[in-house]
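Asker: Encoded as structure tokens, here's the structure I'll be asking about.
The values are calculated or read from the model by the stated rules, or taken from the named source; none is laboratory data. This one's a predicted model, so the numbers in the text were calculated from it and none came from an experiment. Cβ coordinates were reconstructed from backbone atoms using ideal geometry, including for glycine residues, and neighbour counts include every protein chain displayed.
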Amino acid sequence: MNFLFLCTGNSCRSILSEVLFNVRAPEGFHAYSAGSKPSGHVHPLTLKTLNNLNLPTEGLYSKTIAECEQFEPDVVITVCGSAAQEACPIYFGSAIKAHWGLEDPSHLELADDIKLAAFLDTVAHINRRLDALFALDFKQLSREELNKEIQKISEIQ
């Protein structure tokens with residue numbers, strides 16, 4: 001099952017989601033990430049956060065939605081933050097769609113050590129949602145039931 005995590009710049013939240021998903025995913029599951037207006041780079045604190053957690057960073061780059069369409073995602077999850085008034089990307093197609101809004105720690109005007117703590121908070125938030133996602137019995141859920149369960153995960157703080 002293919003998942004696509006989308007945000008605006010594809011430099012922080014969607015990249016973190018992609019990596020965290022892939023290191024935990026069961027066999028047959030894979031995630032990609034993209035942005036509606038890719039920044040062209042992965043935020044340095046995203047890379048530092050992943051490195052500090054001993055997670056892979058090789059091959060990560062800021063991608064467009066078009067670059068990920070070839071993976072034919074089954075589920076598309078937008079992670080744009082609602083409070084930031086960001087324009088979330090829209091992906092058209094038959095994929096299940098959900099919005100798991102996350103605030104963007106890369107836009108905080110703080111010292112890097114405090115900002116890095118915000119990145120770790122974002123990682124923890126993503127992991128709580130992934131805990132719920134990977135606890136689902138994908139083989140037993142109908143498409144409609146899966147859609148409802150994925151939507152509910154957005155409420156996890």
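Asker: Just checking, does segment 57-75 include any residue being among the hydrophobic types (A, V, I, L, M, F, W, C), out of contact with any helix residue (DSSP H, G or I) (no Cβ under 9 Å at 6 or more places or on another chain) and closer than 23 Å to K148 by Cβ? Even if it seems obvious, please write down each step before you answer.
Answerer: Taking segment 57-75 as the starting set, the residues that turn out to be among the hydrophobic types (A, V, I, L, M, F, W, C) are 60, 65-66, 68, 71, 75.
Now drop any that are not out of contact with any helix residue (DSSP H, G or I) (no Cβ under 9 Å at 6 or more places or on another chain), which leaves 65-66, 68, 71.
Then keep just the ones that are closer than 23 Å to K148 by Cβ; that gives none.
Within segment 57-75 (the criterion being among the hydrophobic types (A, V, I, L, M, F, W, C), out of contact with any helix residue (DSSP H, G or I) (no Cβ under 9 Å at 6 or more places or on another chain) and closer than 23 Å to K148 by Cβ), the answer is no, since none of the residues qualifies.
Asker: Could you check, for segment 60-75, whether at least one of its residues is closer than 29 Å to R143 by Cα, part of a strand (DSSP E or B) and modelled with pLDDT under 95?
Answerer: Keep residues of segment 60-75 that are closer than 29 Å to R143 by Cα, which gives 63-75.
Restricting the remaining residues to those that are part of a strand (DSSP E or B) gives 64, 75.
Add one more test, that the residue is modelled with pLDDT under 95, and what stays is 64, 75.
Yes, segment 60-75 contains at least one residue that is closer than 29 Å to R143 by Cα, part of a strand (DSSP E or B) and modelled with pLDDT under 95.
Asker: I've got another one for you. Please find, among I126, I114, the residue that is closer than 18 Å to F5 by Cβ, β-branched (V, I, T) and either at pLDDT 85 or above or not in a loop (DSSP other than H, G, I, E, B) (or both). Spell out the reasoning first.
Answerer: Working: I114 fails: closer than 18 Å to F5 by Cβ.
Checking each option against the conditions leaves just I126.
Asker: Output the number of residues of segment 26-49 satisfying the condition of being touching a Leu at 6+ places or on another chain (Cβ under 9 Å) and in a loop (DSSP other than H, G, I, E, B).
Answerer: Applying the first criterion (touching a Leu at 6+ places or on another chain (Cβ under 9 Å)) to segment 26-49 yields 31-36, 42, 45-49.
Okay, now just the ones that are also in a loop (DSSP other than H, G, I, E, B), so 36, 42.
Total satisfying the criteria: 2.
Asker: Tell me which of these N10 doesn't satisfy, since it passes every other one: (1) outside any loop (DSSP other than H, G, I, E, B); (2) in contact (Cβ under 8 Å) with a residue 40 or more places away in the chain; (3) not charged (D, E, K, R).
Answerer: Unmet for N10, out of (1) outside any loop (DSSP other than H, G, I, E, B); (2) in contact (Cβ under 8 Å) with a residue 40 or more places away in the chain; (3) not charged (D, E, K, R): (1).
Asker: Can you find even one residue in segment 130-142 that is modelled with pLDDT of 85 or more and surrounded by 18 or more Cβ atoms within 10 Å (Cβ to Cβ)? Before you say what the answer is, go through the steps one by one.
Answerer: Filtering segment 130-142 for residues modelled with pLDDT of 85 or more gives 130-142.
Now drop any that are not surrounded by 18 or more Cβ atoms within 10 Å (Cβ to Cβ), which leaves 130, 133.
Yes; the residues of segment 130-142 include at least one that is modelled with pLDDT of 85 or more and surrounded by 18 or more Cβ atoms within 10 Å (Cβ to Cβ).
Asker: Give me the pairs, please: first residue somewhere in segment 133-148 and farther than 17 Å from F21 by Cα, second residue anywhere and surrounded by 10 or more Cβ atoms within 10 Å (Cβ to Cβ) and of a type in the set (D, E), beta-carbon distance under 8 Å, and either six or more positions apart or on two chains.
Answerer: From residues that are farther than 17 Å from F21 by Cα, the pairs are L141/E149.
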